[in-house]
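The values are calculated or read from the model by the stated rules, or taken from the named source; none is laboratory data. Please read all numbers here as calculations on a predicted model, not as lab measurements. Virtual Cβ from ideal backbone geometry, glycine too; neighbours counted across all protein chains shown.
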Amino acid sequence: MQINDEIIDKLSNLAKLEFNDSEKQEIKADLSRILDFVEKLQQVNTDGVEPLIYMNEDVNVLRTDEAKITISKEEALKNAPLKDSDYFKVPTVLKSGQS
Amino acid sequence: MTDKYEPVIGLEIHIQLSTDSKAYSSDPASYGAPPNTHVSPITLGHPGTLPFVNKKVLEFAIKLGLACGCDLRRENQYARKNYFYADLPKGYQITQDTTPICTGGEISFKTKDGADHKVRLTRIHMEEDAGKSIHDQDPFNTLIDLNRAGVALLEMVSEPDIRSSEEANLFVTEVRKLVRYLEICDGNMEEGSLRCDANISVRPKGTKKFGTKVEVKNMNSIKNVQRAIEYEIKRQVEVLESGGTLYQETRNFDAVSGTTTAMRSKEAANDYRYFPEPDLGPVIITESFIEKIRSLIPALPAELFKKYTEEFGLSSYDATVLTENKDFALYFEDLTSKTKNFKSAANWMIGPVKSYLNENAAVINEFPIESSKIAEIIALIDNNKISFTAGTKQLFPELLKNPGKDINSILIELNLIQESDANSLKPYVAKAMAMYPDKVIEYRSGKKGLLGLFMGEVMKLSGGKADPKVASKLVKEALDEGI
């Protein structure tokens, strides 16, 4: 699969990342290599093989509805690059509401 | 102008479940805690953490599915919906994509003219809420509170079966009533426990093809759902009538101005790249699990409505008021297990009981008088032991003041027992006739309307205690005697 600038732009937009021109070239090369590798897997005949989604066969692993507090606010905020005493802070985002 | 067009509306309702813990982690799900205190490494999306399905979410989803007549999927899978936003630390929402737990089903309600109306459901699926972004407290940053991140949601999607803003209002009202009856969500739209998005398009009347669909978000009350839809229909018709083009987009409703404004267009829309969630194994729902949950479902408003109108012979208005609120309906259920005068029981509920609740801004669970006492009052009135007025104006207020007091002692204390013994009432009748000899003559010469005057006097003389039925018979007999 040919990775062009358009695909890189779309992916960086979805990932909310920005790349300059030289970074773009590097990523293009990396992604092409990754996709070439995956394409090799495509050569294997998988007719009649169920897709593998889960790493084990457990079903109905359910939890009883019991509330527990396991970490404090201070611990929660500890690794945040930007914060105040109560909140995580991120650069102002235009209100665009996701659901 | 609007008359030339037909609106086509579908609703998406997010139902925040009242579980104790979140959907895929055990941090508390309750509302209103200090910011970022209801979080866990799973909620925060830390590497190496694994989600865990809350069994209660499944139960609640099945409850709602059964109540709406949906098909329940036996083998459930979860999916990741990928997008990057600061209030979603994992970078994806765990939801259901191609395998929603409920498909089909319907919500039915009565329209204003009393007709039955059904709106088909497309699906109901399980997912999780995002955190909260606060944009207006810091000029340079957006503040993030992740208490809500991971709280369990059901998303209900309707078919585009809704044709007016009033129908949308009734649909949301019915859903809210239903989730409250089922006790799976508090239905509080202002706090965001119940959120509604609307997909709205218009098309020339008589055509089959759908117009361009616009999604409207941010309607935090049922009234605003109706207002937003009304505005949006008008806006779309105006654009089309002026020769313009509508774009598929998401618009935000502003409750202050009552208008919608463009939020983001679908062109730049996210590509959510759904794929099966490998961290959560499949959940198989068994028949016995479904049957267990079916047995937990209380009588639902539609069933009670039917019972009250068909079995109890009440009007649809009465039945609607009685079933509006679950606890109110339960009190009535309780009351009607103690009296067979259903009409009178309904009148007591809708009259004195409801007035008391309104005046005191109280809910029925705070109502001080036991249903057995209301049933007793109804029986006293029915047996002519006390008058209706004595029951509502004296006995009832006294009981409100002293709910524990024995009714018989109140009757004696306030002297409320009616005189229905003919011999004790006869002197009043004689006295009343003696007061107006000329009217007696007028009556006897044909002015039958004067009966009321004599009745009034008898009631007055007896201090309001004369049993009106017996008294009226006596008055009539005494007057007619001389003809």
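Taking only the stretch A:63-81 into account, find how many residues are closer than 20 Å to B:Pro51 by Cα and part of a loop (DSSP other than H, G, I, E, B).
Looking only at that region, the number is 9.
If you check B:Ser472, B:Ser409, which single one turns out to be under 30 Å from B:Glu370 (Cβ atoms) and of a type in the set (Gly, Ala, Ser)? Steps first, answer last, please.
Details: B:Ser472 fails: under 30 Å from B:Glu370 (Cβ atoms).
So the residue among B:Ser472, B:Ser409 that is under 30 Å from B:Glu370 (Cβ atoms) and of a type in the set (Gly, Ala, Ser) is B:Ser409.
Filtering the stretch B:55-82 down to residues that are closer than 20 Å to B:Ser25 by Cβ and in a loop (DSSP other than H, G, I, E, B), which residue is nearest to the other protein chains (Cβ to nearest Cβ)? So that I can check it myself, show each step before the final result.
Our first condition is that a residue be closer than 20 Å to B:Ser25 by Cβ; within the stretch B:55-82, this holds for B:55-61, B:76-82.
Remaining after also requiring in a loop (DSSP other than H, G, I, E, B): B:77-78.
Working: B:Gln77: 8, B:Tyr78: 10 Å.
So, considering only residues that are closer than 20 Å to B:Ser25 by Cβ and in a loop (DSSP other than H, G, I, E, B), the one nearest to the other protein chains (Cβ to nearest Cβ) is B:Gln77.
Quickly run through the stretch B:1-24 and pick out the residues that are farther than 30 Å from B:Arg235 by Cα and either among the acidic types (Asp, Glu) or more than 9 Å from chain A (Cβ to nearest Cβ) (or both). Before you say what the answer is, go through the steps one by one.
Restricting attention to the stretch B:1-24, the residues satisfying the condition of being farther than 30 Å from B:Arg235 by Cα are B:16-24.
Residues satisfying the conditions are B:Gln16, B:Leu17, B:Ser18, B:Asp20, B:Ala23.
Looking only at the stretch B:116-170, filter to residues that are β-branched (Val, Ile, Thr) and within 14 Å of chain A (Cβ to nearest Cβ); which one of those is farthest from B:Gly91 (Cα to Cα)?
In this case the residue turns out to be B:Val157.
For the condition outside any helix (DSSP H, G or I), buried (at least 16 other Cβ atoms within 10 Å of the Cβ) and not assigned by TED's automatic domain parsing to the domain that holds B:Lys90, what is the one hit in B:Leu304, B:Leu314?
Answer to the check: B:Leu314.
Of all residues being within 12 Å of B:Leu479 (Cβ to Cβ) and not β-branched (Val, Ile, Thr) in the stretch B:417-436, which is surrounded by the most Cβ atoms within 10 Å (Cβ to Cβ)? Just the residue, please. So that I can check it myself, show each step before the final result.
Looking only at the stretch B:417-436, we keep the residues that are within 12 Å of B:Leu479 (Cβ to Cβ), and these are B:429-430, B:432-433, B:436.
Checking which are not β-branched (Val, Ile, Thr) leaves us with B:430, B:432-433, B:436.
Details: B:Ala430: 13, B:Ala432: 24, B:Met433: 19, B:Tyr436: 15.
This residue is B:Ala432.
Kindly evaluate B:Leu330 against the criterion of being within 21 Å of the chain's Cα centre (by Cα), on the phi < 0 side of the Ramachandran plot and surrounded by 19 or more Cβ atoms within 10 Å (Cβ to Cβ). Let's see the steps before the verdict.
On the way: within 21 Å of the chain's Cα centre (by Cα): yes; on the phi < 0 side of the Ramachandran plot: yes; surrounded by 19 or more Cβ atoms within 10 Å (Cβ to Cβ): no.
No: the conditions fail for B:Leu330.
Pick from the stretch B:110-148 the residues that are within 28 Å of the chain's Cα centre (by Cα) and among the hydroxyl-bearing types (Ser, Thr, Tyr): which of them is nearest to B:Ser158 (Cα to Cα)?
Selected residue: B:Thr122.
Which of the following residues is in contact with a strand residue (DSSP E or B) (Cβ under 7 Å, 6 or more places away or on another chain) and more than 17 Å from B:Gly391 (Cβ to Cβ): B:Val429, B:Val458?
Numbers: B:Val429 fails: in contact with a strand residue (DSSP E or B) (Cβ under 7 Å, 6 or more places away or on another chain).
Result of the check over B:Val429, B:Val458: B:Val458.
For the stretch A:82-99, how many residues are in a loop (DSSP other than H, G, I, E, B), charged (D, E, K, R) and at pLDDT 90 or above?
At the first step, the residues of the stretch A:82-99 found to be in a loop (DSSP other than H, G, I, E, B) are A:82, A:84-87, A:92-99.
Checking which are charged (D, E, K, R) leaves us with A:84, A:86, A:95.
When the remaining residues are screened for being at pLDDT 90 or above, the result is A:84, A:86.
Within the stretch A:82-99, residues that are in a loop (DSSP other than H, G, I, E, B), charged (D, E, K, R) and at pLDDT 90 or above number 2.
From (1) more than 9 Å from chain A (Cβ to nearest Cβ); (2) more than 26 Å from the chain's Cα centre (by Cα), pick out the condition that doesn't hold for B:Pro41.
(1)
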